[in-house]
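As structure tokens, the structure follows; a few thoughts come after it.
The numbers here are math on the coordinates, done by the rules we state, and not lab data. Remember, predicted model here, so these are calculated numbers, not experimental data. Please note: Cβ atoms are built from the backbone with ideal geometry, for glycine as well, and neighbour counts cover all protein chains shown.
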Amino acid sequence: MLKGIDNRLNADVLYVLRAMGHGDTLVISDTNFPADSIAQQTVYGQLLRMENLTAGEACEAVLSVLPLDTFVEDHAARMEVVGNPSEILPVAQEVQAAIDSAEGEPRPMVSIERFAFYEQAKDAYAVIQTGERRFYGCFILRKGVIPPDAE
């Protein structure tokens, strides 16, 4: 255990979050996402797991240490519901609440069509598969920066 680090973050996840740079993306996926095959195509090349958590819980833990990019609109994205792209399911509402809490203000996610999401996920730094069993529990987070301390 470490002080000040959310105990839901395992060593492999912490390593990847620290290794990522500004603008790199991270996929948080549900259990139905083709996580292993997509993860093999990412920069990290291996699947990370947070299997005992929902997507919202995993995002909350990740966002406790990962800043989101403030320079772009696509700081966070959700997979669209097929046939109803504007529908915001409860799983996405939970992730949006984690984002808003971490950011201290509402910052809505963008949406990405399902197959376009798969393609963007291949360009991510890494994929974390959660234990989320609800459909469309797949998200992309874009890492931001931590400003220098005020002098």
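Quick look at the numbers
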| read-out | value |
| --- | --- |
| Set Tyr44, Tyr136: member being in a loop (DSSP other than H, G, I, E, B) and under 22 Å from Leu2 (Cβ atoms) | Tyr44 |
| Hey, Ala97 farther than 19 Å from Val145 by Cβ, surrounded by 21 or more Cβ atoms within 10 Å (Cβ to Cβ) and within 15 Å of the chain's Cα centre (by Cα) or not | no |
| Index of the failed condition, Val95 passing every other in (1) among the hydrophobic types (A, V, I, L, M, F, W, C); (2) free of Cβ contacts under 8 Å to residues at least 60 places away in the same chain; (3) assigned to a helix (DSSP H, G or I) | (2) |
| Every residue from the range 101-119 that is crowded, with 17+ Cβ neighbours inside 10 Å and outside any strand (DSSP E or B) | Ala102, Met109, Phe117, Tyr118 |
| Complete set of residues in the range 118-151 that are touching a His at 6+ places or on another chain (Cβ under 6 Å) and either of a type in the set (A, V, I, L, M, F, W, C) or free of Cβ contacts under 8 Å to residues at least 60 places away in the same chain (or both) | Val145 |
| The range 24-46 residues that are closer than 19 Å to Tyr136 by Cβ, paired with ones that are assigned to a loop (DSSP other than H, G, I, E, B) and aliphatic (A, V, I, L, M) (beta carbon under 6 Å, 6 or more apart) | Thr25/Ala124; Val27/Ala124 |
| Identity of the residue in the range 11-33, farther than 11 Å from Ile128 by Cα and part of a loop (DSSP other than H, G, I, E, B), that ends up nearest to the chain's Cα centre (by Cα) | Asp24 |
| Flag for Glu87 being free of Cβ contacts under 8 Å to residues at least 12 places away in the same chain and not hydrophobic (A, V, I, L, M, F, W, C) | yes |
| In the range 34-60, residue surrounded by the fewest Cβ atoms within 10 Å (Cβ to Cβ) [restricted to those that are within 11 Å of Arg8 (Cβ to Cβ) and under 10 Å from the mean Cα position of the chain (by Cα)] | Glu60 |
